[in-house]
1. Examine the stretch 287-300 for a residue that is at pLDDT 50 or above and closer than 30 Å to residue 197 by Cβ, and state whether such a residue exists.
2. What number of residues within the stretch 466-494 satisfy the criterion of being touching a strand residue (DSSP E or B) at 6+ places or on another chain (Cβ under 7 Å) and either more than 19 Å from residue 526 (Cβ to Cβ) or surrounded by fewer than 20 Cβ atoms within 10 Å (Cβ to Cβ) (or both)?
3. Where residues in the stretch 313-330 are outside any loop (DSSP other than H, G, I, E, B) and free of Cβ contacts under 8 Å to residues at least 40 places away in the same chain, which of them is surrounded by the most Cβ atoms within 10 Å (Cβ to Cβ)?
4. Go through the stretch 390-413 and count every residue that is buried (at least 18 other Cβ atoms within 10 Å of the Cβ) and assigned to a helix (DSSP H, G or I).
5. With the requirement that a residue be surrounded by fewer than 21 Cβ atoms within 10 Å (Cβ to Cβ) and in a loop (DSSP other than H, G, I, E, B), what does the stretch 142-162 give you?
6. Scanning for something closer than 23 Å to residue 598 by Cβ, in a helix (DSSP H, G or I) and touching a strand residue (DSSP E or B) at 6+ places or on another chain (Cβ under 7 Å), does the stretch 284-300 turn up at least one residue?
7. Is it the case that the stretch 179-202 has a residue that's within 22 Å of residue 80 (Cβ to Cβ) and modelled with pLDDT under 50?
8. When the residues of the stretch 163-179 are filtered to those that are part of a loop (DSSP other than H, G, I, E, B) and touching a residue at least 40 places away in the same chain (Cβ under 8 Å), which remaining residue is nearest to residue 94 (Cα to Cα)?
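The values are calculated or read from the model by the stated rules, or taken from the named source; none is laboratory data. Please read all numbers here as calculations on a predicted model, not as lab measurements. Note that each Cβ is placed from the backbone with ideal geometry, even for glycine, and that neighbours are counted across all protein chains shown.
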């Protein structure tokens, strides 16, 4: 009995405590209600008799709570425009996985087969692919214009473009029997121009289609730079196969003094010695000129057109790109086919490729090489040398004997669209410290390094694959930065220097560096004392192709002092180059002794590395 009494006492105490808490809570709620307070327990409903809640005005010293901003209204047209511009800044459109200034005709045809319709427009060809809602413009077998007429573009209207992008950088019109079009051009970073093509608006009552017309198509092209000395204004837009407008380039700056048949360089090559002199004496003029051209090949095995370039025109070598390379085994077989097509064992072929490391790496089935920028961050010359050796081993394993590397550009412009981490850095001393060991590592494996892009592509804001960059620096300014790595590489016995397609108006107002006697002969041969092989960057790049005919440019470059002309796309372009140089010699524009100078340098280079 006593045990039961003790056990019930705590229960009674707990019950009393709970009852007391309920009383206190009820009292508190009644008090708050009487005070008109608005606070309530979460989830509790107001008593039925409570009046409708009205907020009292805050006292004068209490700020009024800010009204909530309504959610932003979605703007699909503006979002679509922004997406188009972002992709265009990379040289692409959303209906085609190709890049302006970079993709070759061969790559397009491999992916999309034959076009539904083609048409010529001046020196360009336009191919229409209806299933892809895309028209592609080519020049020298490189994509120069990407156009989309996807039906969903009609959801974008004239005012959407102006409201989103603001005033256009250029405004043109095009009219024929079927269309009356307005063309709004917007210049983008990286050297591209995006054109919005739509029916020309005209005034009317209300928001009619004529006042605010829908977008018809877009056109993405490379932008041609306009130096101060260039003629003002643009060429009018030209019609295309689907009724749009074709890309038009601007002429290079007009210089008063220089002419296309400029002076023959006075800096002669050293006299060839021994076997080289004997071989040079045996070569015909055609054979010597053939040695001055490196040509592109198409496909992943040797085509008859490319075999003829090697067999019949005797080109000095070939260049491979990513679309020529599927695997290590396929590449080795392709290279062997190329070498077997050469009928002259005394003139071995230069089989070349861009294998820098990082984002410029063509080979398949090999270890990845870090970017030059990453090597620069490490700052170790011995490590840089080992990278050069590794590159050499990779190249030799697949049959290549010439590498377009290392890059000796000083990356002094953070907005540079083409160099960036391909450079070892923004400091000339660092670029020299690391670039030269990479060069020497390649040399140690008997692979020819090509240092590039003289006199320096690091301070450009335009990609020369697309348009002609202009660098407004004096020789004194170049001497303090851009020329330093090249001068040191020449002192370290560099064998080949590649010339960039850059206009330097304070050195030559008329010609880009790859065609300029002032840059090639006076600066590189004369001031820097380089007596090795000088070669151009690819002559089918937009910087040259948009401003010159391929043969015209080749002749001017040889007259200015180049030894090898690189023609990376189109067997026809390589043939045109060879024939133009032959004709220039026949006419006396270029002397045969000038051809002999280049041929002697090329033969000496091949003897050093390939025999």
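1. No, there is no match, as no residue in the stretch 287-300 is at pLDDT 50 or above and closer than 30 Å to residue 197 by Cβ.
2. Summing the residues that are touching a strand residue (DSSP E or B) at 6+ places or on another chain (Cβ under 7 Å) and either more than 19 Å from residue 526 (Cβ to Cβ) or surrounded by fewer than 20 Cβ atoms within 10 Å (Cβ to Cβ) (or both) in the stretch 466-494 gives 5.
3. Restricting to residues being outside any loop (DSSP other than H, G, I, E, B) and free of Cβ contacts under 8 Å to residues at least 40 places away in the same chain, the top hit is 318.
4. Total meeting the criteria: 5.
5. Matches in the stretch 142-162: 150 only.
6. no
7. Scanning the stretch 179-202, I find no residue that is within 22 Å of residue 80 (Cβ to Cβ) and modelled with pLDDT under 50, so the answer is no.
8. Applying the filter and picking the extreme gives 179.
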